[in-house]
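The structure appears right after this line, and notes come after that.
Here, each number is a calculation from the coordinates, and none is a lab measurement. As the structure is a prediction and not an experimental result, all values here were calculated from the model. In this analysis, Cβ positions are derived from the backbone assuming ideal geometry, glycine residues included, and neighbour counts consider all displayed protein chains.
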Amino acid sequence: MTLRRYLGMALLAAGSLAAQNTVTPQRLLEASKEPGNWLTYSGDYSSHRYSGLAKITPANVKGLGLAWVYQSPVAGSWEATPLVVDGVMYITQRPNDVVALDAATGRVFWSYRYNNLEDPRVCCGANNRGLGVLGDTLFMGTLDASLVALDRHNGHLLWKTRVAEAKAGYSITVAPLVVKDKVIVGVGGGEWGIRGFIAAYSAATGKELWRFYTVPGPGEPGHETWLPCPTDSKEYCDPEAWKHGGASVWVTGSYDPATNLTYWGTGNAGPDYNPVQRPGDNLYTASVVALDTDTGKLRWHYQFTPGDRYDYDAVQVPVLADIQFQGKPVKAMLWANRNGNYYVLDRVTGKFLLGKPFIKVNWMSGFDTNGRPIQTPQPVGQPTYPGLQGGTNWYSPSYSPRTGLMYFPIWEDQAIVFSRIPVAYREGNGFGGGGFQPFVPSVGDPKKGIPTAAGVPNLRRGPINDWTDAAGHGAMLAVDPATGEPKWKFSMTDVTDVGAVTTASDLLFTGGREGYMQVLHARTGELLWKRNLGAQMLNSPITFEAGGKQYVAVMAGLGLFVFGLPE
Amino acid sequence: MALTVIAQQPVMQEHPEAYPKADIQYGARLYGEHCDRCHGANGAGVSGVNLASGKFRSATTDGQLKMVITNGFPTAGMPPFRFDTADLTGLVAWLRNMNSIDRGSMKAGDPARGRAIFEGKAACGSCHRVNGKGSRKGPDLSDIGTLRSAGYFERILVDPNGQLLPINRPVHVVTREGKAVDGRRLNEDTYTVQMVDGEGHLQSFVKANLREFRISTKSAMTSYRGELQPDELADLVAYMLTLKGVL
């Protein structure tokens, strides 16, 4: 008997409308050449969050209207950046769902639910910041510290690799960075006494290819910065502090094909607030590390906040830009840090070129010739600027090669009174080592705080801004990348956790906790368009094309809002 | 004043003929692997319990039986089990038929032979994907062995039309430009339709932009009735029951 199967196959075969081509490593290298897509967390390997799209312009942006909304079924802050590949948008939603939608209509093709094995221990909710893509596969890190690969055409699980132990406080919230045949992720858990690392996995099989510990072990360079406990220490000191030294990684790094280096920022030292029990600079916490992409070997590092006691995570997106610096072309890395300083580093050598506060800073007074901050810890009970949430944080910056400006969201005039308490490490327990009191200066005596005033809290609150700008406020800042000199500033009453995307038509899309999506002129900071989306925005906008039309996507509350120009 | 309402639970009487042979067979195998050691081949190994009697102290409906198996009786000595839908369907089918069928008389399919047929003469891979191999035209079957049941596999192979899940119905569209696309429905609303096309690509259409739009109730999978021998079909069923996804 003959089988009719092949006939059936031929009948089903038909041409596809949008060319859905496989995502080759070459496409990722040249992501900026296909601005209709959004192929990596930051848009391209240099993390410019700049799009070559220019159909939406300062002249027509007033006509921007809602194209579609997708509502997440799971409540909680939404920090993800979508990917867009040839007309299909891929998003993550709490806790570790992946959803594929038609980028033009927002209608869902498939959704995948990852079941976390155990109750994950995460400081700040079931956050996930997005996906990586290569070939026909999507990659996602999970709250229980695994890495999964999904078929991007049907959402089926292809492989799963356990990266670390969730019960010991490890998690993955970062969007993976895919380079060549590797998927690179780092682990979160800076508040749980983890020993951080960055690791690369085979995109094909999930096999671990290399691992770089962001806290070096005995015998490794940098370990000497975890000083032995003084014999006469009157306070608790932990002789094995490095074993739970923190340096988590929860924001996606960058990649420079010219140097074959991948750059990643690291989080606070553990415990967050008590440096006395971990004497020394505590490398590579609150640092940027430059790793050989093939081997994971450290090429150079720079530590922004040595012996950090303020939770000044250096988990910002490393922006790689070739700029003129003091009259010379420099392969630079631009970095606005949580500690309140704007930095320029040479990304080939790691040399410190510039450090300059962009807000009020009192934890340090300047830099020595090696670029080391001269620290000025405040007396007990006195406020430290910037406060816990920092001058900026994980929010994505943008660099526009057109305007030549660097853009980042900032928090101004926000202070915290830090305190420290010794804490012994116990697996799976919180490892803060102190506390933080919001500081709202009293009008009569700005050195004193109003004890009952609502200070700037973490991430969520109701729709009434009861801390007011007296406790801190947000802004989008544009600086000259070579000098850190402000070019313009767009101030908001409330604070902002929203990054920026800039376009080839000199638009800048951003938002804030007030819930406004805002379009600014990238050259002047002038407000061109705004819309109240009714809940705080916590992700960074992207722009993309579907069906030949340019769209902008933002998340606010449980909604993914997509805007475009009228037909 | 309080009004007490006593809800009368409807009791479903299940008839033996309602249980497909493939499920009974699969359940018998699982019973041998997981239950025998306590309950014995005849179902009377635990004192006070007779699984073959057709009457259970702790369950009336199939749904309740599945709960009993899932939760176990940890204090009385039966562990909880993590069985999937296919397993539970099989176990219940077996428990319901233990008294009338001899386990030894049932010849189960061979998954290895089933896989060879799947990849070879039946060419299932020309429409289906398993663990990253094959076409995306039909549903990905990598974890189908956890989602459905042996009886369902047995039926779909010989009667795909009868089993076609409404969501999977074939879509035929012709765009305003005259381009025809056929595929399998993934999602649909009043104004748009989403599908996977013959190349396994995701496609979304605004209906107002279509010249033609048809949903068929005829499965794109043709029947294997008469094309494969009964033991070959049993082998395929056995193979599909091993498709438990990536763990």
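In this label model, B:A76 and B:A41 are separated by 2.6 nm, measuring between points 7 Å along each Cα→Cβ vector. Peptides A:46-59, B:60-73 ranked from most to least packed give A:46-59, B:60-73, packing being the mean of other C-beta atoms within 10 angstrom over each peptide's residues.
Here is the P(r) of the stretch A:337-392: all C-alpha pair distances, binned every 10 Å from 0, give 24, 50, 22, 4, 0 in whole percents.
Summarising the label geometry, the points placed 7 Å from Cα in the beta-carbon direction at B:E33 and A:N429 lie 4.3 nm from one another. Taken along the Cα-to-beta-carbon direction at a fixed 7 Å, the label points for A:K55 and B:D189 span 2.0 nm.
Bridging of A:K167 to lysines at a Cα separation below 20 Å is possible for A:K243, once same-chain residues fewer than 8 apart are set aside.
Could you give the length gained by full extension between A:K530 and A:T231, i.e. 0.36 nm per residue of separation minus their alpha carbon distance, to one decimal place? Numbers along the way, then the final one.
Numbers: separation 299, 0.36 × 299 = 107.64 nm, distance 6.01 nm.
Result: 101.6 nm gained on full extension.
Packing around the peptides B:43-55, A:366-378, taken as the average count of other Cβ atoms within 10 Å per residue, puts them in this order, highest first: B:43-55, A:366-378.
Cα to Cα, under 29 Å, and not fewer than 8 places away if on the same chain: which lysines meet these conditions relative to A:K489? Straight-distance partners of A:K489: A:K55, A:K62, A:K328, A:K331, A:K351, A:K356, A:K360, A:K447, A:K448, A:K530. At an R0 of 25 angstrom, the distance between the Cβ atoms of B:Q64 and B:V246 translates into a FRET efficiency of 0.20. Here B:K137 is the anchor, and the lysines within straight C-alpha reach of less than 23 Å, apart from those fewer than 8 places off in the same chain, are B:K121, B:K179, B:K207, B:K218, B:K244. Kirkwood radius, the protein assembly as shown, all distinct C-alpha pairs, inverse of mean reciprocal distance: 29.3 Å. With θ taken as phi - 60° and the Karplus curve 6.51 cos²θ - 1.76 cosθ + 1.60 applied, the whole-hertz 3J(HN,Hα) list for the stretch B:237-247 is 4, 4, 5, 4, 5, 8, 7, 9, x, 8, 8 Hz, x standing for glycine and proline. If you take all other residues with their beta carbon under 14 Å from the beta carbon of A:T376, and give Lys and Arg +1 and Asp and Glu -1, the sum is +2. Among the trypsin sites (Lys or Arg not before Pro) within the stretch A:472-526, not one is in coil by DSSP while having at most 13 neighbouring Cβ atoms inside 10 Å. Using only alpha-carbon positions in the stretch B:48-179, the gyration tensor eigenvalues give semi-axes of 38, 18, 15 Å once each is multiplied by 5 and square-rooted (largest first).
Under 5 Å between amide hydrogens, built in the peptide plane, is the criterion, and for A:K487 it picks out A:A478, A:V479, A:D480 among residues at least 5 positions away or on other chains. Distant-in-sequence amide contacts of B:S142, defined by a placed amide H-H separation under 5 Å and a gap of 5 or more residues or a different chain, comprise B:N131.
Go ahead and run the numbers for FRET between A:K351 and A:T493, Cβ-Cβ distance against an R0 of 35 Å, rounding to 0.05. Please list the in-between numbers first.
Numbers: r = 39 Å, r/R0 = 1.13.
According to the calculation, E is roughly 0.35.
Among residues other than A:S202 with Cβ under 12 Å from its Cβ, the summed charge is +1 (Lys and Arg +1, Asp and Glu -1).
I'd like the mean, over residues of B:191-201, of how many other protein chain beta carbons sit within 10 Å of each residue's own Cβ. Intermediate values should be presented prior to the final figure.
Details: counts 2, 5, 2, 8, 1, 5, 7, 8, 7, 6, 12.
The shielding value for this peptide is 6.
Rounded to the nearest 0.05, what FRET efficiency is calculated for A:N370 and A:Q326 with R0 set to 25 Å and r the Cβ-Cβ distance? If you can, show how the numbers build up before the last one.
Working: r = 18 Å, r/R0 = 0.71.
It comes to 0.90.
Its residues counted as N, chain B yields a C-alpha radius of gyration over 2.2 N^0.38 Å of 1.24. Working note: Karplus 6.51/-1.76/1.60 with θ = phi - 60° gives the stretch B:42-56 the couplings 8, x, 10, x, 9, 5, x, 10, 10, 5, 7, 6, x, 10, 10 Hz, where Gly and Pro are set to x. Measuring between their Cα centroids, the stretch A:149-167 and the stretch A:72-109 lie 17 Å from each other. Per-residue 3J(HN,Hα) values for the stretch B:174-184, derived from phi via the Karplus relation 6.51 cos²θ - 1.76 cosθ + 1.60 with θ = phi - 60°, read 10, 6, 4, 6, x, 8, 9, 9, 10, x, 10 Hz in sequence order (x marks Gly and Pro).
Once you have a ≥ b ≥ c as the square roots of the Cα gyration tensor eigenvalues for the stretch B:166-207, tell me rounded if a/c is under 1.5, and otherwise prolate or oblate according to whether a/b is larger than b/c.
Numbers: a/c = 1.80, a/b = 1.15, b/c = 1.57.
Here the stretch B:166-207 falls in the oblate category.
A cut-off under 12 angstrom between Cβ atoms defines the neighbours of A:D294, and their net charge, with Lys, Arg +1 and Asp, Glu -1, is +2.
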